[in-house]
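Contents: one structure, followed by commentary.
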Amino acid sequence: MNMPSRIELRDAKFEVEGKAILHGLDLDIAAPRIGIIGRNGSGKSTLARLLVGLVAPSSGDVRINGHDLAKDRRAALREVGILFQNPEHQIIFPTVIEEIAFGVGQLGQSKTEAAENAKEILARFGLSHWENAYIASLSQGQKHLVCLMAIVAMAPKLLILDEPFAGLDIPTKAQLTRYLAHYEGSLVHITHDLADLEGYEQLIWIDQGNIKMTGARDDVIAAYLEAMHALGGDDDLADLSR
Ligand SMILES: Nc1ncnc2c1ncn2[C@@H]1O[C@H](COP(=O)(O)OP(=O)(O)OP(=O)(O)O)[C@@H](O)[C@H]1O
Ligand SMILES: [Mg+2]
């Protein structure tokens, strides 16, 4: 396993049209496996986009392994990869092989090398027969898997997974879990299913655009569950509309 990637946030704020979505986050963390939990709309996916530099903070500083990725897009290609919650936000090409080959091509591989690489990753997942499939003809879960293969083919040092198992069937999820367990780089995994975070050292709990708690997995889960059960007892979903 590689050196864990370092994630540093200094008073990082993110606003859209004057509305604060992330309020001054501070964080300095380096662990091979980090989980992010929190309620719907708390800001997890926004934080993911901030970490990979797809958006810049409205103020403050975000650095991955010392790089400001919103400014340094070349470094971003090597340092980070993101699997979006919605595969439709990721896919650009008509066929599976083109989609997977594109990312590795961006890293400077020739067309032939990139295609070879893409075939290799398909073979590793036992999906060589998908090579020339039209992505539009795949199911939602299958599209998700294509996006994941495209990202892991690039072997980023830090891989951000936003609900990577959503919509996947049990054997596919098991296959992916095994694959990710051996991933050399660092993983940041956003999920509502706490069981997915088995073996994760550190957890970050996001609540209403703030970091509510960071720490060892079991401590954060215990505090989170207590808070969630208290809320569940209230039977009040009003927070969702905030
Ligand atoms: N581009 C945007 N414009 C306006 N509001 C936004 C934008 N992006 C996110 N938001 C708002 O920011 C808040 C956080 O959204 P985000 O998608 O980060 O939540 P999340 O924690 O990933 O939720 P979920 O668990 O449902 O995926 C929400 O209230 C959302 O409506
Ligand atoms: Mg989200």
If one builds a Gaussian network model of the chain from Cα atoms under 10 Å apart, the most fluctuating residue listed among Glu226, Glu116, Glu184 is Glu226
Whole-Å distance linking the alpha carbon centroid of region 99-168 with that of region 69-96 is 11
Summing -39500 (n - 2.57) over every DSSP H run of at least 4 residues in the chain and dividing by its residue count gives a helix-only mean residue ellipticity at 222 nm, to the nearest 500 deg cm²/dmol, of -11000 deg cm²/dmol
For the chain, the helices passing both cut-offs (Cα extent along own axis of 18 Å or more, Kyte-Doolittle mean at least -0.5, full DSSP H runs) are 140-153, 217-234
Relative contact order as a percentage, region 75-138, C-alpha pairs under 8 Å and 6+ apart, gives 36
Excluding residues fewer than 8 positions from Lys143 in its own chain, the aspartates and glutamates with Cα under 17 Å of it are Glu88, Glu98, Glu99, Glu131, Asp162, Glu163, Asp169
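Below 14 angstrom from the Cβ of Glu88, what's the summed charge of the other residues (Lys, Arg +1; Asp, Glu -1)?
Working: positive: Lys143; negative: Glu99, Asp162, Glu163.
Net charge around Glu88: -2.
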Neighbours of Ile204 by Cβ distance under 11 Å: Lys/Arg at +1, Asp/Glu at -1, summed charge +2
Simple spin-label estimate for Asp193/Ser128, 7 Å along Cα→Cβ, in nm, reads 3.0
For Lys13, the aspartates and glutamates lying under 13 Å Cα to Cα, once residues fewer than eight places off in the same chain are dropped, come out as Asp26, Asp61
Taking every C-alpha to C-alpha distance in region 1-62 and binning by 10 Å from 0, the per-bin percentages run 21, 54, 22, 4, 0
Given 18-27, 146-155, the highest-first ranking by average Cβ count within 10 Å works out to 146-155, 18-27
Most fluctuating of His192, His129, His67 in the GNM of the chain (C-alpha, under 10 Å) is His129
In the chain the accessible area split gives carbon plus sulfur, as whole percent at 1.4 Å, a share of 51
Compactness summary of the chain: radius of gyration and Dmax from Cα atoms, Å, are 18.1, 58
Each label sits 7 Å from Cα toward the beta-carbon; between Ile170 and Arg6 the label points are separated, in nm, by 4.4
Quick calc, Glu116 & Glu88: beta-carbon distance into FRET formula, R0 41 Å, rounding 0.05, result 0.90
Note to self: with every protein chain in place and a 1.4 Å probe, region 23-167 gives an accessible area per residue in Å² of 43
Among Gly38, Gly199, Gly53, the residue with the largest mean-square fluctuation in a Gaussian network model of the chain built from Cα contacts under 10 Å is Gly199
One can check that the equivalent ellipsoid of region 94-194, built from the alpha-carbon gyration tensor with semi-axes equal to the square roots of five times its eigenvalues, has lengths in Å, largest first, of 22, 17, 11
Beyond 29 Å (Cα-Cα) in this structure, taken from Lys71/Lys157; Lys71/Lys111; Lys19/Lys212; Lys19/Lys71; Lys19/Lys173; Lys44/Lys71, we find Lys19/Lys173
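The values are calculated or read from the model by the stated rules, or taken from the named source; none is laboratory data. These numbers come from a predicted model, not from an experiment. When we count neighbours, we look across all protein chains shown, and the Cβ atoms used for this are built from the backbone with ideal geometry, even at glycine. Areas reflect the complete protein model, heavy atoms only, side chains present, ligands, DNA and RNA absent. Shrake-Rupley method; radii C 1.70, N 1.55, O 1.52, S 1.80 Å.
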